[in-house]
Amino acid sequence: MIEYGPFKDIPPYSQDTLKVHYENNSPFLTITSMIRVIEVSHWGNIAVEETVDLKHTGAVLKGPFSRYDYQRQPDSGISSVKSFKTILPAAAQDVYYRDEIGNISTSHLLILDDSVEMEIRPRFPLFGGWKTHYIIGYNLPSYEYLYNLGDQYALKMRFIDHVFDEQVADSLIVKIILPEGAKNIHVDSPYEINRATDELHYTYLDTFGRPVIVAHKNNLVEQHIQDIVVHYTFNKILMLQEPLLVVGAFYILFFTVIFYVRLDFSITKDPAAEARMKVACITEQVLTLVNKRLGLYRHFDEAVNKYKQSRDISTLNSGKKTLETEHKALTNEVSSLQSKLKTEGSDLCDKVSEIQKLDSHVKELVLKSSVEAERLVAGKLKKDTYIENEKLHSNKRQELVTKIDNILDAL
């Protein structure tokens, strides 16, 4: 408080000039421009990003600036702004702080019970008349700010949030990006705001765009940190749109690849390639038939074992008849394929011929085993002799089957 006087005998309507000179080293920060983008996702996340243009509106710095002197003398630059604190919502996560150059690492994050306190330190101290520009963003869980009843939704978020203590914002633009398909949009605000024409925002897998509410207001202070409520309707079936688009895209891709690899773009046909394909197809058929034929022997062994237990000769005769019939058919098919390989001039024909010879020996051993089983059941052969002969036949048969398997592997 400054007091002058007392003054006496002053004529009426007299006046004189009074000059007051004082020193104020307090910094005067002003948000000259701020764009606040709120993107709502019904998959459980709300992304917030604020682009801030900040200016020190105090007394303009005169003369040059030396960072060396500034750091060497702690009492220099009293009115400069080295850092300030921004208070984020308590549920804020994945916080980032950057500018056009990239990430700004000179910041500190402190998680409290009711808020997240972030110390923002610009790349350089702010003196009077100096400006800075930065972007800060974070994610919020949607269940704390998004409410619904059926297809009716209400988003309750702050129109402007805390940037620094006793903040003043000259201009603010708020963009609220709603999910694609949101309709019947209505905004309730605690004070008058200016609505611009709604826009459309396109991101990944969008088809007709996401509605964007655009609102702006000038000359805001801390008392304007209040909630606005955005009401809209949204059909939950539309949440399947993006997963179905991904599935459809992969389906089309795979179908296109399948179709493409089956196209033949060659101007002339390659006889050698066609011959190799034919030989490969015939070889595959030979492998299948030989394996079926080896399976017949296993089934016949089962019939022989049943005959030894039941002594029913009809069981053995039925198994033998089935073996002869199916074996003959399969052998004829293999011989036919062998002729085709010979026609194609493939050296695999000799290997198939060797398989045929080995198979005939396997069949002889199988039939010998059945004959000795008949003699055993009839009492014409001793059990010890049968067991010894059966072991001998089994070893020879195993050797032949192993040779056939080795040739099949070579094919």
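Once the C-beta distance of residue 335 and residue 387 is scaled by a Förster radius of 45 Å, the resulting FRET efficiency is 0.80 to the nearest 0.05.
Counted residue by residue at 0.36 nm each, then reduced by the alpha carbon distance between them, the extension gain from residue 4 to residue 49 reaches 10.9 nm.
Each Cα pair under 8 Å and six or more residues apart adds its separation to the average, and for the chain the resulting relative contact order is 12 percent.
With a cut-off of at most 11 other beta carbons within 10 Å, and DSSP calling the residue loop, which GluC sites (Glu not before Pro) in the stretch 279-329 qualify? Please list them.
none
Relative to the dominant Cα principal axis of the chain, helix 313-343 is inclined by about 70°. Where in the stretch 371-411 is the amide nitrogen less than 13 Å from a point lying 7 Å along the Cα-to-Cβ axis of residue 275? Within reach of a label on residue 275, which here means backbone N under 13 Å from a point 7 Å along Cα→Cβ, the stretch 371-411 contributes nothing.
At a 1.4 Å probe, what is the % contribution of carbon and sulfur to the accessible area of the stretch 357-401? Roughly 51 percent of what the probe reaches on the stretch 357-401 is carbon or sulfur. Axis angle, to the nearest 10 degrees, between helix 348-378 and the longest C-alpha principal axis of the chain: 60 degrees. Here the gap between residue 231 and residue 193, fully extended at 0.36 nm per residue and compared with their Cα-Cα distance, gives a gain of 12.1 nm.
With contacts taken as Cα pairs under 8 Å and at least 6 residues apart, the stretch 209-354 reaches a relative contact order of 20 percent. Does the stretch 148-240 classify as rounded, prolate or oblate by the C-alpha gyration tensor (a ≥ b ≥ c root eigenvalues; a/c under 1.5 gives rounded; else a/b over b/c gives prolate, otherwise oblate)? Prolate.
At R0 = 51 Å, how high is the FRET efficiency between residue 123 and residue 144 if r is their beta carbon distance? Nearest 0.05 is fine. My answer for the efficiency is 0.95. If you run the Gaussian network model on the chain, springs between alpha carbon atoms under 10 Å, then out of 222, 50, 274 the most flexible one is 274. Between residue 78 and residue 206, the distance separating the two model label sites (each 7 Å from Cα on the Cα→Cβ line) works out to 5.1 nm. Both the radius of gyration and Dmax for the stretch 47-188 are 18.8, 64 Å, in that order, over alpha-carbon atoms. Spatial offset of the stretch 275-326 relative to the stretch 338-375 amounts to 12 Å, using the alpha carbon center of each. Extension gain for residue 326 to residue 60 (0.36 nm times residue separation, less C-alpha to C-alpha distance): 85.3 nm.
Here the accessible area is traced with a 1.4 Å probe on the protein chains. For the stretch 42-186, carbon and sulfur cover 51 percent of it. Across the stretch 203-219, computed HN-Hα scalar couplings (Karplus, 6.51 cos²θ - 1.76 cosθ + 1.60, θ = phi - 60°) run 10, 4, 6, 7, 10, 10, x, 9, x, 10, 8, 10, 9, 9, 7, 10, 6 Hz from first to last residue, x flagging Gly and Pro.
Considering only 345, 77, 102, the mean-square fluctuation computed in a Gaussian network model of the chain, springs between alpha carbons under 10 angstrom, is largest for 345. Approximating the spin labels as points 7 Å out from Cα along Cα→Cβ, the residue 133-to-residue 152 distance works out to 4.4 nm.
Figure note: 276, 293, 262 ranked by solvent-accessible area, largest first, 1.4 Å probe, ligands and nucleic acids not counted: 262, 276, 293. The loop-placed chymotrypsin sites (Phe, Trp or Tyr not before Pro) in the stretch 129-212, going by DSSP, that have at most 16 neighbouring Cβ atoms within 10 Å of their Cβ come out as 191, 202, 204, 208.
Angle between the Cα long axis of helix 383-410 and the longest principal axis of the chain, 0 to 90 degrees, nearest 10? Rounded to the nearest ten degrees, it is 50.
Accessible surface for the chain, divided over its residues, is 65 Å² per residue with a 1.4 Å probe. Checking every one of the GluC sites (Glu not before Pro) in the stretch 78-125 against DSSP loop status and a limit of 14 other Cβ atoms within 10 Å picks out 100.
Note on residue 70/residue 23: beta-carbon distance plugged into 1/(1 + (r/R0)^6) with R0 of 25 Å gives a FRET efficiency of 0.80.
Treating each Cα of the chain as an identical point scatterer and summing with the Debye formula, the log10 of I(q)/I(0) at q = 0.09, 0.11 Å⁻¹ comes to -0.76, -0.94. From the cross-link list 278/403; 328/380; 292/383; 306/380, which pairs have alpha carbons spaced over 21 Å apart? Beyond 21 Å between Cα atoms: 278/403; 328/380; 292/383. Among the protein heavy atoms of the stretch 213-335, carbon and sulfur supply 62% of the accessible surface, probe 1.4 Å, non-protein parts ignored. Across 175, 82, 308, mean-square fluctuation computed from a Gaussian network of the chain (C-alpha pairs under 10 Å connected) peaks at 308.
The values are calculated or read from the model by the stated rules, or taken from the named source; none is laboratory data. Predicted model only: the values in this text are computed from it and were never measured. Glycine also receives a Cβ, built like all others from the backbone with ideal geometry; neighbour counts cover every protein chain displayed. Remember, those area values only see protein heavy atoms, side chains included, never the ligands or the DNA or RNA. Shrake-Rupley method; radii C 1.70, N 1.55, O 1.52, S 1.80 Å.
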